[in-house]
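The values are calculated or read from the model by the stated rules, or taken from the named source; none is laboratory data. The structure presented is a predicted model; accordingly, all values stated were derived computationally and were not measured. Cβ coordinates were reconstructed from backbone atoms using ideal geometry, including for glycine residues, and neighbour counts include every protein chain displayed.
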Amino acid sequence: MARIVVSVQGQEQALAEKCMSDLQGDDPDIGPVLRSRLEQIEQPKPEEIVAESAATKEFYSQWHGLVLRNGILFRRVEGKGGLLSCSS
């Protein structure tokens, strides 16, 4: 996933989030994972993702470390002192 830092507020933030969500949804590797996270809680079984790309399968393997916030898929990362943060 690309690391993008957005520093905006209010309507600009909502627009930036919508754009990021649309970009992720349109991405051939991230899109299937995003749609799955929106539709289900459980990680798909390997036989359900056989037709997906190698990159998409890699994202699926990180299922439990991925979180959704405002329709955007983030990777949960443990930082210094055990603090959790999210990166996109």
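So which pairs qualify, if the first residue must be in the range 40-60 and small (Gly, Ala, Ser), the second must be assigned to a loop (DSSP other than H, G, I, E, B), the Cβ gap must be under 6 Å, and the two must be at least 6 apart or on different chains?
Pairs found: Ser53/Asp29; Ala55/Asp29.
If you scan the range 37-56, which residues turn out to be of a type outside the set (S, T, N, Q), surrounded by fewer than 10 Cβ atoms within 10 Å (Cβ to Cβ) and not in a helix (DSSP H, G or I)?
Once the filter is applied, which keeps residues that are of a type outside the set (S, T, N, Q), surrounded by fewer than 10 Cβ atoms within 10 Å (Cβ to Cβ) and not in a helix (DSSP H, G or I), the range 37-56 yields Ile41, Glu42, Lys45, Val50, Ala51.
Within the range 10-36, restricting attention to residues that are within 11 Å of Leu73 (Cβ to Cβ) and in contact (Cβ under 8 Å) with a residue 40 or more places away in the chain, which residue is surrounded by the most Cβ atoms within 10 Å (Cβ to Cβ)?
That would be Val33.
What single numbered condition from (1) of a type in the set (Val, Ile, Thr); (2) modelled with pLDDT of 85 or more; (3) loosely packed, with under 13 Cβ neighbours inside 10 Å fails to hold for Ile72?
For Ile72, the exception is condition (3).
Does Gly65 qualify as being out of contact with any helix residue (DSSP H, G or I) (no Cβ under 8 Å at 6 or more places or on another chain), surrounded by 11 or more Cβ atoms within 10 Å (Cβ to Cβ), at pLDDT 90 or above and not β-branched (Val, Ile, Thr)?
So Gly65 passes the test.
Restricting the range 61-73 to residues that are touching a residue at least 24 places away in the same chain (Cβ under 8 Å) and either in a strand (DSSP E or B) or touching a strand residue (DSSP E or B) at 6+ places or on another chain (Cβ under 8 Å) (or both), which is nearest to Asp22 (Cα to Cα)?
Ile72
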